[in-house]
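Reviewing the structure listed below.
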Amino acid sequence: YWYYLPDYPRAERAFREAMRRDSRQPALYVQMAEFYSFAYREKESQADDVLREGAEANPQNIDISKALGSVYERRGEYALAIEWWEKALKLKPNDSAIQEKIKELRAKL
């Protein structure tokens, strides 16, 4: 309902139902945030809310932390972006790409 049959309210309901059935699927939260950010633009501001829900349900998932960092970076909220990229770095301390992203964001403050 997102890609081929653009029925965004129905797609949103399908995401919510899938998350209700199994909240421990981090990809659902990331995909729903992308759906809000890039397709269902009327609800773009809810992308971080969905990812925060995902972070609560999956606190050790690096993909959710990185996705939150990216959402805040797109919005120009660099301090929040850094906070979430730093959480990702704690999960994978030797990741040079994450370290570089944090440096890049700090330069924008």
Using helices alone, what [θ] at 222 nm do you get for the chain, with -39,500 (n - 2.57) per DSSP H run of 4 or more residues, divided over all residues and rounded to the nearest 500? -22500 deg cm²/dmol
Could you identify which residue out of Ala81, Ala57, Ala97 has the top mean-square fluctuation in a GNM of the chain using Cα springs shorter than 10 Å? Ala97
Compute the length gained on full extension between Arg52 and Ala97: take 0.36 nm times their separation in residues and subtract their Cα-Cα distance, giving the result in nm to one decimal. 14.0 nm
With a Förster distance of 30 angstrom and the Cβ-Cβ distance between Lys108 and Ala27, calculated FRET efficiency to the nearest 0.05 equals 0.55
Using a 1.4 Å probe and ignoring any ligands, DNA or RNA, find the accessible area of Leu80 and quote it in Å² to the nearest 10. 50 Å²
For Lys43, Lys87, give the ranking by accessible area with the largest first, probe 1.4 Å. Lys87, Lys43
May I ask you to rank Ser65, Ser23 by accessible area, largest first, using a 1.4 Å probe over the protein chains only? Ser23, Ser65
Modelled FRET efficiency - R0 30 Å, Asp63 with Arg10, Cβ distances, 0.05 increments: 0.75
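The values are calculated or read from the model by the stated rules, or taken from the named source; none is laboratory data. Since the model is a prediction, treat every value here as computed from it, not as a measurement. When we count neighbours, we look across all protein chains shown, and the Cβ atoms used for this are built from the backbone with ideal geometry, even at glycine. For accessibility, only protein heavy atoms count, side chains too; no ligands or nucleic acids. Shrake-Rupley method; radii C 1.70, N 1.55, O 1.52, S 1.80 Å.
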